[in-house]
Amino acid sequence: MRRAAALIALVLATAARAHSVSNEVIVSSGQSTETNPRPAVFTDSLSGSFDLGEDWTVSGGASVTLQGATGAATSAGFDQSSSPVTLFSGGLDWWAEEHWLAGLTLDLSPRSTQFSVAAIPATSTSPAVDAQVRSESSQLGAALDLSWFSSGQSGLEWSFNVGLGFSHSSIGQSIPNVRTTTGETLTSDEFTQRYCAAHPRIRNCARNLNDAFSGTRRPLDVERFSASATATILLDTDVSLFAEYYVYNQDPGVLDYRVAALAFGAGMPIAPLQYLIRPEVQHRFGDLSVRLWAEGGEYVAGTAQNTAGLGAKVQYRFSKAFRAWITAAGHRDVDDRGVSTNWSTISGGLGYRW
């Protein structure tokens, strides 16, 4: 807690001296299915940056994420007192020369506790089963980025970026309660057998459940490789393509990845991503700018199938110093059973520069 308080003080001090500061509120809500109950998620994110000179910029940020209740947990009478998920970040950018920018980012998410539900749908021979999942997770990460800008004033300008990120997470999931709609009591072996039969495509299903029933904590180390290219046309239109690829050093098939990864900055993924591709276009109409994008990717084999989404962001500059924006996005995920679910995100933010 002392480290978290020190980081909060650093972020607030950064914002006080910053040449820019912004705050964004994000709300995500999804369609719940029988085997994939999705809670509403609320995030408030504060960030700021200031110059140390002509070539160096320091940035800092902090966010708090709150998870709402699910209908499945309420019906089963499960505890839903999830703790806030906090994420602190700090960054340093260096203009090596006119065209090259290098950046370093560090992230820290202290341990938090989340509750969710792992469900087994009813069959002709057995009732539906709900299991309470308790997740404790923390994360430490770092990323390096290198960008090149053509930095001209012609009708066609280019910029390129490559990045390498690493995160280390400690994840512990347990199953303190299992309940059926008829009041039947299941042993851990009986629940494991039924759950894995209902989710036949989940890789290492029985091992993940055995770890959960024994309370085993597991590390998850992930490398993220990213690249992007942007063409600026006539100084007011940007056409971009972004790509990310993830490498997992351990089996990422945790029981409920969605709640274990709330601090990872990936929205509400139902499973660990393998790759994501995102084309987007942005046009500036004077003080008004509009950005549209689409994205698609796949989850790690044996965890879920694929994801796709569309989004838009509208921003208006009221003055040289003050701006405001609103963002809306919709996504469609396909889980390991081939069942699709939809979820949406809406956010709004304010920024000030001096």
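Bear in mind that the values in this text are calculations on the coordinates, not laboratory data. Keep in mind that this is a model prediction, so the values were computed, not measured. Backbone-built Cβ (ideal geometry, glycine too); neighbour counts: all protein chains shown.
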Legend entry - Charge dipole (the chain, unit charges on Cβ, about Cα centre) - positive-most of F285, H331, P176: P176
Legend entry - Computed over segment 130-236: relative contact order in percent, which uses C-alpha pairs under 8 Å that are six or more apart: 39 percent
Inset, instruction - Sort out for me the Cα centre separation of segment 135-172 from segment 269-299, rounded to whole Å. - result: 15 Å
Legend entry - For segment 93-211, diffusion coefficient by Stokes-Einstein and Kirkwood Rh (Cα), 10 °C, 1.306 mPa s, µm²/s: 85 µm²/s
Inset, instruction - Return one quarter of the surface area of the convex hull spanned by the alpha-carbon atoms of the chain, equal to its mean projected area, in nm². - result: 18.0 nm²
Legend entry - Percent RCO, i.e. relative contact order, over segment 69-220, from Cα pairs under 8 Å lying at least 6 residues apart: 20 percent
Legend entry - Rg over Rh, two decimals, segment 282-354 (C-alpha only, Kirkwood Rh): 1.17
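Using a/c under 1.5 as the rounded threshold, could you call segment 209-354 rounded, prolate or oblate? The axes a ≥ b ≥ c are square roots of the C-alpha gyration tensor eigenvalues, and prolate needs a/b larger than b/c, oblate otherwise.
Note, shape of segment 209-354 comes out prolate.
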Inset, instruction - Can you put D93, D51 in order of Cβ neighbours within 10 angstrom, beginning with the fewest? - result: D51, D93
Legend entry - Taking K313, K320 and counting other C-beta atoms within 10 Å, the order from fewest to most: K320, K313
Inset, instruction - Could you tell me which helices of the chain pass both thresholds, a Cα extent of 18 Å or more along their own axis and a mean Kyte-Doolittle hydropathy of at least -0.5, with helices taken as whole DSSP H runs? - result: 2-17
Inset, instruction - Fewest Cβ neighbours within 10 Å first, please rank W343, W293, W56 accordingly. - result: W56, W293, W343
Legend entry - Mean Cα-pair separation over length for segment 203-246, i.e. relative contact order, pairs under 8 Å, 6 or more apart, %: 32 percent
Inset, instruction - Per DSSP H run of n ≥ 4, the term is -39500 (n - 2.57); total these for the chain, divide by its residue number, and report the mean residue ellipticity at 222 nm rounded to 500 deg cm²/dmol. - result: -4000 deg cm²/dmol
